[in-house]
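Trainee: Can you keep this structure in mind? I'll have questions shortly.
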Amino acid sequence: MDLSTIYPQRPDWVHKGNYGSVLVVCGSKLYSGAAALAGVSALRAGADLATVVAPQRAADVASYTLPDLITYPLKADHLTTRHLSSIADVAHVRRVNSLVLGCGLGRHPSTLMVIQKLISKFAIPMVLDGDALRSIAQKPQVVFGKQVILTPHAGELLILLAQSTPSGDPQISLQQSFEARLVAAKQAAAKYHAVVLLKGYVDIITDGTTTITNNSGTPFMTKGGFGDTLSGVVAALLARGVGLFEAAHAAAYINGRAGELAASQKGEGVVASDIFDFIPQVLKGSNEDY
């Protein structure tokens with residue numbers, strides 16, 4: 001994939017922030033690495049700044065993983081409604097251009113509620129993943145009129161469409177049938193007025209009308225965390241002004257290709273954090289003048 005229009009050669013006279021500031025609201029005591037995975041990937045994908053606001057343990061993991069991340073720890077094990085004003089204040093001070101919301105936040109009722117409130121508050125482009133998808137499934141209208149990319153896997157897509165998974169498991173049919181996945185992704189895009197990036201062996205990117213696929217990636221990317229890295233890459237592209245559809249498509253390619261490169265060295269042992277160093281290689285390889 002040619003990324004030269006997204007990553008042109010930088011002019012000499014630029015300064016910090018010209019290429020985007022990403023806010024990462026992810027992670028919890030249980031999923032303590034989610035914010036780090038999203039934040040580091042955003043920086044490796046070219047964002048000038050990435051700020052993590054997360055429960056204490058997740059913020060500490062992010063800071064330790066990469067000191068280049070700006071971190072604001074919250075004194076809690078998971079996000080609650082009392083953190084709303086703090087997150088809004090950080091977003092204002094940091095002048096953020098995009099938001100990653102949902103990775104590893106958890107399913108506490110207060111967490112799901114604050115996710116909805118944050119979406120209502122922000123006007124910047126947003127990437128919603130993981131538990132943010134569960135939250136908006138409870139109140140789809142919260143994303144209407146917003147600039148939103150949804151990044152579900154097959155199971156989360158069924159939640160977005162309010163389809164259960166009883167015996168005879170419809171999730172299995174989605175996983176095995178490209179046509180069923182395509183139809184469901186378009187339905188979700190129409191229902192939520194959003195761009196949907198349905199992750200899988202073949203990624204499907206659709207706004208309900210226009211659809212494109214991505215074939216980069218590897219079966220070794222079944223480990224937890226590759227969705228978090230994808231969200232970070234999407235947010236980096238949004239932060240530099242790339243449109244929703246193009247950002248989703250390019251990020252799917254970048255994340256998948258970086259996973260291929262990592263897996264070529266690590267094989268069965270590859271993990272999501274292994275792609276940090278390969279994301280820049282994908283960007284450089286697509287445009288040698290970058």
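Trainee: Suppose we filter region 236-281 for residues that are closer than 13 Å to ILE6 by Cα and buried (at least 24 other Cβ atoms within 10 Å of the Cβ); how many remain?
Mentor: Counting residues in region 236-281 that are closer than 13 Å to ILE6 by Cα and buried (at least 24 other Cβ atoms within 10 Å of the Cβ) gives 9.
Trainee: I need the full set of residues from region 93-121 which are over 25 Å from PHE226 (Cβ atoms) and either at pLDDT 95 or above or crowded, with 19+ Cβ neighbours inside 10 Å (or both), in order please.
Mentor: Hits for region 93-121 are ARG95, PRO109, SER110, MET113, VAL114, GLN116, LYS117, SER120, LYS121.
Trainee: Next up: Go through (1) surrounded by 18 or more Cβ atoms within 10 Å (Cβ to Cβ); (2) under 12 Å from LEU105 (Cβ atoms); (3) touching a strand residue (DSSP E or B) at 6+ places or on another chain (Cβ under 7 Å); (4) not polar (S, T, N, Q) one by one and return the number of the condition ALA34 breaks.
Mentor: (3)
Trainee: Next question, about the same structure. Is it true that ASP289 is surrounded by fewer than 16 Cβ atoms within 10 Å (Cβ to Cβ), at pLDDT 95 or above and not in a helix (DSSP H, G or I)?
Mentor: Details: surrounded by fewer than 16 Cβ atoms within 10 Å (Cβ to Cβ): yes; at pLDDT 95 or above: no; not in a helix (DSSP H, G or I): yes.
When the stated conditions are applied, ASP289 does not pass them.
Trainee: Of the residues that make up region 17-28, is at least one in contact with a Phe, Trp or Tyr (Cβ under 9 Å, 6 or more places away or on another chain), surrounded by 22 or more Cβ atoms within 10 Å (Cβ to Cβ) and within 27 Å of LEU244 (Cα to Cα)?
Mentor: Pass one, region 17-28, residues in contact with a Phe, Trp or Tyr (Cβ under 9 Å, 6 or more places away or on another chain): 23.
Checking which are surrounded by 22 or more Cβ atoms within 10 Å (Cβ to Cβ) leaves us with 23.
So of that shortlist, the ones also within 27 Å of LEU244 (Cα to Cα) come out as 23.
Yes, region 17-28 has at least one match.
Trainee: Restricting attention to region 203-234, which residues are β-branched (Val, Ile, Thr) and more than 17 Å from the chain's Cα centre (by Cα)?
Mentor: THR209, THR210, THR211, ILE212, THR213, THR218 - these are the residues of region 203-234 that are β-branched (Val, Ile, Thr) and more than 17 Å from the chain's Cα centre (by Cα).
Trainee: Can you report the number of residues in region 62-82 which are closer than 16 Å to LEU23 by Cα and not in a strand (DSSP E or B)?
Mentor: Looking only at that region, the number is 7.
Trainee: Within region 131-148, how many residues turn out to be touching a residue at least 40 places away in the same chain (Cβ under 8 Å) and over 17 Å from the mean Cα position of the chain (by Cα)?
Mentor: Residues flagged as touching a residue at least 40 places away in the same chain (Cβ under 8 Å) and over 17 Å from the mean Cα position of the chain (by Cα) within region 131-148 amount to 3.
Trainee: Right, TYR72: over 20 Å from the mean Cα position of the chain (by Cα) and of a type in the set (Phe, Trp, Tyr) or not? Let's see the steps before the verdict.
Mentor: Values: over 20 Å from the mean Cα position of the chain (by Cα): no; of a type in the set (Phe, Trp, Tyr): yes.
In short, no.
Trainee: Now for a different question. Do we have ALA239 as at pLDDT 95 or above and under 13 Å from the mean Cα position of the chain (by Cα) here?
Mentor: yes
Trainee: With respect to ALA42, is the statement that it is modelled with pLDDT of 95 or more and over 13 Å from the mean Cα position of the chain (by Cα) true?
Mentor: Working: modelled with pLDDT of 95 or more: yes; over 13 Å from the mean Cα position of the chain (by Cα): no.
It is false that ALA42 is modelled with pLDDT of 95 or more and over 13 Å from the mean Cα position of the chain (by Cα).
Trainee: Condition test on THR80, is it out of contact with any Cys (no Cβ under 7 Å at 6 or more places or on another chain), at pLDDT below 95 and over 19 Å from ALA189 (Cα atoms)?
Mentor: yes
Trainee: Among the candidates ALA35, ALA59, which residue alone is in contact with a Pro (Cβ under 6 Å, 6 or more places away or on another chain), farther than 27 Å from ARG10 by Cα and among the aliphatic types (A, V, I, L, M)?
Mentor: Residue meeting the stated conditions: ALA59.
Trainee: If we keep just the residues of region 37-57 that are more than 18 Å from PHE276 (Cα to Cα) and not polar (S, T, N, Q), which is surrounded by the fewest Cβ atoms within 10 Å (Cβ to Cβ)? Reasoning before the result, please.
Mentor: Start the filter on region 37-57 by keeping residues that are more than 18 Å from PHE276 (Cα to Cα), which leaves 53-57.
Of the ones still in play, those that are also not polar (S, T, N, Q) are 53-55, 57.
Working: VAL53: 27, ALA54: 36, PRO55: 28, ARG57: 19.
By that ranking, first place goes to ARG57.
Trainee: Another one. If you check every pair at least six apart or on different chains, which have Cβ atoms under 8 Å apart with a residue in region 96-125 that is basic (Lys, Arg) first and a residue that is crowded, with 21+ Cβ neighbours inside 10 Å and part of a helix (DSSP H, G or I) second?
Mentor: Qualifying pairs under 8 Å: ARG107/ASP131.
The values are calculated or read from the model by the stated rules, or taken from the named source; none is laboratory data. Owing to the predicted nature of the structure, the values given are computational and were not obtained by experimental measurement. Cβ atoms come from the backbone with ideal geometry, glycine included; neighbour counts cover every protein chain shown.
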